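Everything below concerns the one structure shown next.
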Amino acid sequence: MSAREVLRAPVGTTIDLADFDPAAIPLGPADKAAGSAATSELAGRLASLQERLYAASTAGDRRRLLLVLQGMDTSGKGGTVKHVIGMFNPSGCRIRAFKAPTPEEQRHPFLWRVRKSLPQPGEIGIFDRSHYEDVLIARVRELVPRSRLGRRYSQINRFEESLADDGVTIVKVFLHIGYEEQRKRLLERLDNPDKHWKFNAGDIEERGAWPAYQAAYELALERCAGEGAPWYIVPADRKWYRNWAVSKLLLEHLEAMAPQYPKGDFDVEECRKRLLAT
């Protein structure tokens with residue numbers, strides 16, 4: 001079975017993240033050595049498909065791909081971005097890490113800053129966090145009234161439907177990390193002075209809201225899983241498996257898009273003769 005089939009979040013049913021093992025290996029390579037080798041093998045195919053996608057845009061093809069990464073702190077969003085970019089030509093990628101809204105962004109509807117960050121035709125866009133923060137942390141920390149929060153799910157669905165209609169292939173990935181694994185990674189940051197910049201004392205407080213965040217993610221996975229923008233739940237306790245799974249999902253989506261190099265609008269033989277004559 002494909003990664004798209006195995007990792008896709010259930011649709012039309014209640015989701016309990018406790019039913020998904022964050023250390024599982026539901027398909028693919030069985031260990032780190034095999035996983036690293038398998039991931040490396042995907043790199044050439046991904047790069048080729050990216051080039052074709054960009055080339056097709058020069059002939060008017062409006063299609064592009066958007067990878068949305070969500071997950072608890074330390075789940076590996078930044079590491080996944082770094083890994084993905086290593087497989088692609090950076091000039092064809094558009095990356096955005098969404099932080100707390102700026103004063104200007106707060107003056108606009110919550111999707112305003114997301115629209116400004118979308119990939120252009122032929123590009124691969126990567127969101128480190130996304131518009132889903134507005135139904136995740138906003139719910140857990142009660143940053144907006146519940147009535148407004150409830151409307152945001154349908155707004156997100158309509159927004160993603162419009163993107164799909166405009167040629168955007170959306171790959172939404174929830175990096176599923178376990179509670180104990182998160183503690184381990186936070187402790188590693190504390191124990192290594194070179195990683196202190198990645199540690200925030202507020203992360204400890206956020207761990208206290210773990211059940212609330214899990215519930216918020218479950219709601220987002222349930223309510224925002226349209227046919228054109230399904231969710232994929234990627235076990236993230238094993239970094240090597242996370243990298244392979246996200247790479248495999250991207251490969252399968254790009255292969256399904258099947259971008260093609262555009263045909264030249266010139267006489268090849270005539271141009272060859274002219275060139276040889278110079």
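The values are calculated or read from the model by the stated rules, or taken from the named source; none is laboratory data. Everything numeric here is computed off the predicted structure, so don't read it as measured data. Ideal geometry is used to build each Cβ from the backbone, glycine not excepted, and the neighbour counts take in all protein chains shown. Keep in mind that these areas ignore ligands, DNA and RNA; they rest on the heavy atoms of the full protein, side chains included. Shrake-Rupley method; radii C 1.70, N 1.55, O 1.52, S 1.80 Å.
If you run the Gaussian network model on the chain, springs between alpha carbon atoms under 10 Å, then out of Gly228, Gly35, Gly150 the most flexible one is Gly150. Between the stretch 118-173 and the stretch 48-116, the C-alpha centres lie 12 angstrom from each other.
Measure off, as a whole percent, the carbon and sulfur share of the 1.4 Å-probe accessible area of the chain, all protein chains present.
On the way: 7290 of 14220 Å².
Ligands and nucleic acids excluded, carbon and sulfur give 51 percent.
Cross-link reach is defined here as a Cα-Cα straight distance under 22 Å, omitting same-chain residues fewer than 8 places apart; for Lys198 the lysines meeting it are Lys77, Lys82, Lys99, Lys184, Lys239.
Other residues within the sphere of radius under 13 Å centred on the Cβ of Tyr54, judged by their own Cβ, net out at +2 (K and R +1, D and E -1). Rounded to the nearest 10 square angstrom, Arg151 shows an accessible area of 130 square angstrom against a 1.4 Å probe.
What pairs in Lys32/Lys195; Lys116/Lys172; Lys116/Lys263 have C-alpha atoms more than 27 Å from each other? Please report the intermediate quantities before stating the final value.
Numbers: Lys32/Lys195 23 Å; Lys116/Lys172 18 Å; Lys116/Lys263 32 Å.
Long pairs (Cα-Cα over 27 Å): Lys116/Lys263.
Pairwise over distinct Cα atoms, reciprocal of the mean inverse distance: report the Kirkwood radius of the chain in Å, one decimal place. Mind dumping the intermediate values first?
Numbers: mean 1/r = 0.0495 Å⁻¹.
After inverting the mean inverse Cα-Cα distance, the result is 20.2 Å.
Can you give the net charge of the other residues whose Cβ lies under 12 Å from the Cβ of Gly35, counting K and R as +1 and D and E as -1? Intermediate values should be presented prior to the final figure.
Numbers: positive: Lys32, Arg238, Lys239, Arg242, Lys248; negative: Asp31, Glu41.
That works out to +3.
Going by accessible surface with a 1.4 Å probe and the largest first, Glu205, Glu222, Glu104, Glu160 read Glu205, Glu104, Glu222, Glu160. Adding -39500 (n - 2.57) for every DSSP H run of four residues or longer, then dividing by how many residues the chain holds, sets the calculated 222 nm ellipticity at -15500 deg cm²/dmol.
Ordered from highest to lowest accessible area with the whole protein assembly present and a 1.4 Å probe, Lys239, Lys116, Lys82, Lys172 read as Lys82, Lys116, Lys239, Lys172. Which angle from 0 to 90°, rounded to the nearest 10, does the C-alpha axis of helix 77-87 make with the longest principal axis of the chain? Once rounded, one gets 10 degrees.
For Phe266 and Glu142, the difference between the fully extended length at 0.36 nm per residue and the C-alpha to C-alpha distance is 38.6 nm.
By how many nm would the segment from Ala55 to Lys32 lengthen if fully extended, with 0.36 nm per residue of separation less the alpha-carbon distance? Don't skip to the answer; put the middle values down first.
Working: separation 23, 0.36 × 23 = 8.28 nm, distance 3.47 nm.
The span from Ala55 to Lys32 would gain 4.8 nm if fully extended.
Each Lys and Arg Cβ is given +1 and each Asp and Glu Cβ -1; about its Cα centre, the stretch 113-237 then shows a dipole of about 480 debye. The value of relative contact order for the chain, using C-alpha pairs under 8 Å at least six residues apart, is 34 percent. Taking all protein chains together and a 1.4 Å probe, the residues Arg185, Arg148 rank Arg148, Arg185 from largest to smallest accessible area.
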